[in-house]
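What follows is a set of notes on a single structure, which appears directly below.
The values are calculated or read from the model by the stated rules, or taken from the named source; none is laboratory data. These figures come from a predicted structure and were not determined experimentally. Note that we place each Cβ from the backbone using ideal geometry, even for glycine, and neighbour counts take in every protein chain shown. In case anyone asks, the SASA skips ligands and DNA or RNA and just uses the protein heavy atoms, side chains included. Shrake-Rupley method; radii C 1.70, N 1.55, O 1.52, S 1.80 Å.
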Amino acid sequence: MKKLLLIGASVLVAATAGAQKRQFAPPVMGWSSWNTLALNINEQNICANADAQASSGLRDAGYKYCNIDDGYMGGRDAQGNMTSNNELFPRGMRYVADYIRSKGLIPGIYNDAGGNTCGSPNFKTPAFGQNVGFHGHEAADCDLYFNKWGYDFVKVDYCGASGLGLQEEPTYTAIGHAIQAESKKLGKKISYNICRWAFPGVWCRDVADSWRISGDIQANWPSFKYIIGKNRYLSAYCGGGHYNDMDMLEIGKGMPLNEEQVHMAIWCIQSSPLLVGCDMTKIPQQSLDLMKNKELIDINQDVLGLQAYVAWQKNDTYVYVKDIKKLNGNTRAVALLNLSDEPRTIDVPLSVIDMKGKAVTRDLINHTAGPVLQDRISETIPAHSVKMWTVTGKRIERTVYDAGTAYMPMFNDLGKNPEIVRYVDDAASPFGVKVRYLGNSPLNVMKWTNVYSEKGGQYDIKVYYACAADRYLKINVNNGQSVIYKELNTGDYSKYTSLTVTAKLHKGNNVVTLGCDNGYAPDIAGIELIKK
């Protein structure tokens, strides 16, 4: 099936020539107390870790934040003011913040969005962690934390919110507005991290700098693999100084080196915040060297602030790629990842990463020149391992935009609605992934906002889909005239076919939107562009 699609005048601005200048904050880097000390924090061990953060070279490598997590509270006083535990912090929280700053670091703190903190049942005095959350105290707590106590980062949990019948968006938004007001009043940047243990929805980008996308990390391979999977299809929600948080770095806790390399490399190419989760006074040198790897850190802190997307996948092996330094430039960051339990060979055309001909690589883990590529990538990756490169060569236009890279304004990963639009791994899909439960509302769409054409012109856009019942699909390019396909039915949700529309794309970035105003659309695997 093929139809002509008329194009409107709307267009996104193409990337300017030359390297980009930073316009927003990069992912935060630092240390957080929870995964090492849990509730066993006090003035002495927080300051000792700040000392180690400076003396170990982590600070100079970019790990600037020193964050105090749960356990410092002394409850609220009779007037509702937050207090700290005088036994654990005898000189108060301002003293600790000032000590952290004296080491050239940035102090951060923690609280809950609702009432009780996550650790409050295990406090020595449980009441100290009960009814201490932000809810109902947003402005006063922000004045305390960021003005009177002098902290510049806050992680906000959700354990005490659900029991109060609160909803994520208004609860976290109220806190975000209070933080923004305090930031403006004080004239300083305050970093806000939402800790809801799943991607909470697109609203979080309007109020927070980063947000957790998974449950708590553990120092073992199944946990790493689980979190990597949770973040696999969230690249469309990262950007403009806002990041998907894959939780703390468990490097330095006894994992094999190859697994620690996966941990560091994927967190870096995914632009996750990098917060050390081990005792900084006891880091093995091998692990310390990995966390201080400047070439990996540079990918994480890259000026574009992009999250890598999966360009190819098969049998638990993946090719991740993202632009660095310049949009649509000739150098890209690439990770070849093997999550399986046996060695795998990745043998794919270089066009998978939107390049052709000869390309040179740089091994970012080992600080050496990598292989010279000629139209293909062919590498064997050991089990539980990764190769991380920069690749420089002849850039070509991207032709495949799979479902895992689409932006969906109604998507969240909270699991409250089993039929909410979502990404699904699918071995039968031509791209290994699909989107389900698209449509049933004019707002429930999927869109690619970065469909790039170097010169503009006429293109065939192939849409790959599957469905076992008659479905409609609405296709729109750049807010022009939409085309609606009716009675789409492949007979099975694992049987894919395609339809084609012809459209004129502008020079630069274009927007392709799929949906269905009434009823569900077919399952969508993605789109392919063919220049005419």
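Would you be so kind as to identify which of Gly229, Pro126, Cys159 lies farthest towards the positive end of the dipole of the chain, taking Lys and Arg as +1 and Asp and Glu as -1 on Cβ and the Cα centre as origin? With unit charges placed on the Cβ atoms, the residue in question is Gly229. For the stretch 19-132, DSSP calls about 25 percent of its internal beta bridges antiparallel. With the convex hull constructed from alpha-carbon coordinates only, the stretch 375-424 shows a mean projected area of 6.6 nm² over all directions.
In the chain, the calculated helix contribution to ellipticity at 222 nm averages -5000 deg cm²/dmol per residue, counting -39,500 (n - 2.57) for every DSSP H run with n ≥ 4.
How big is the antiparallel share of DSSP beta bridges in the chain, given as a percent to the nearest 5? The answer is about 75 percent antiparallel. With respect to the cross-link table entries Lys155/Lys474; Lys322/Lys504; Lys188/Lys325; Lys189/Lys394; Lys474/Lys532, which display a Cα-Cα separation exceeding 29 Å? Going by Cα-Cα distance, Lys155/Lys474; Lys189/Lys394 fall outside the 29 Å limit. Pairs to check: Lys326/Lys462; Lys148/Lys184; Lys64/Lys292; Lys103/Lys253. Give those whose C-alpha atoms are more than 18 Å from each other in this structure. From the list (Lys326/Lys462; Lys148/Lys184; Lys64/Lys292; Lys103/Lys253), the Cα-Cα distance tops 18 Å for Lys326/Lys462; Lys103/Lys253. Average projection, convex hull of the Cα set of the stretch 77-148: 5.2 square nanometres.
Where a ≥ b ≥ c are the square roots of the eigenvalues of the C-alpha gyration tensor, would you call the stretch 105-209 rounded, which needs a/c under 1.5, or, failing that, prolate if a/b is larger than b/c, or oblate?
In terms of gyration-tensor shape, oblate.
According to the Kirkwood relation over distinct C-alpha pairs, the hydrodynamic radius of the stretch 303-445 is 16.6 Å. Considering only Cα atoms, the convex hull volume of the chain works out to 148 Å³ per residue.
The alpha carbon radius of gyration of the stretch 236-325, expressed as a multiple of 2.2 N^0.38 Å, is 1.12.
Here the dipole of the stretch 38-103 is about 220 debye; that uses its Cα centre as origin and unit charges on the Cβ of Lys and Arg (positive) and Asp and Glu (negative). Going by a ≥ b ≥ c, the root eigenvalues of the Cα gyration tensor, does the stretch 401-532 fall in the rounded group (a/c under 1.5), the prolate group (a/b larger than b/c) or the oblate group? Since a/c reaches 1.5 and a/b is larger than b/c, the shape of the stretch 401-532 is classed as prolate. The alpha-carbon atoms of the stretch 29-144, seen along their principal axes, cover 42, 28, 23 angstrom, with the largest extent given first.
The C-alpha atoms of the stretch 199-253 occupy a region whose extents along the principal axes are 35, 19, 15 Å, arranged from largest to smallest.
Hydropathy first: keep DSSP H helices in the chain averaging at least -0.5 on Kyte-Doolittle, then drop any whose Cα extent along the axis falls short of 24 Å, and list what survives.
none
Roll a 1.4 angstrom probe over the protein heavy atoms and tell me the percent of accessible area of the stretch 337-383 that is carbon or sulfur. Carbon with sulfur: 48 percent of the solvent-accessible area. Evaluated with a Cβ-only charge set (Lys, Arg +1; Asp, Glu -1), the chain carries a dipole of roughly 1920 debye about its Cα centre, given to the nearest 20. Taking every alpha-carbon pair within the stretch 138-259, the share separated by more than 24 Å comes to 35 percent. Isolated cysteines of the chain, defined as having no other cysteine beta carbon under 4.7 Å away, are Cys47, Cys66, Cys142, Cys195, Cys204, Cys238, Cys268, Cys278, Cys467, Cys516. Solvent-accessible area of the stretch 384-532 (1.4 angstrom probe, protein heavy atoms only): carbon and sulfur portion equals 46 percent.
Note that the chain presents 39 Å² accessible area per residue, ligands and nucleic acids not counted, probe 1.4 Å. What a 1.4 Å probe finds exposed on the stretch 117-175 is 52% carbon and sulfur by accessible area, rounded to a whole percent.
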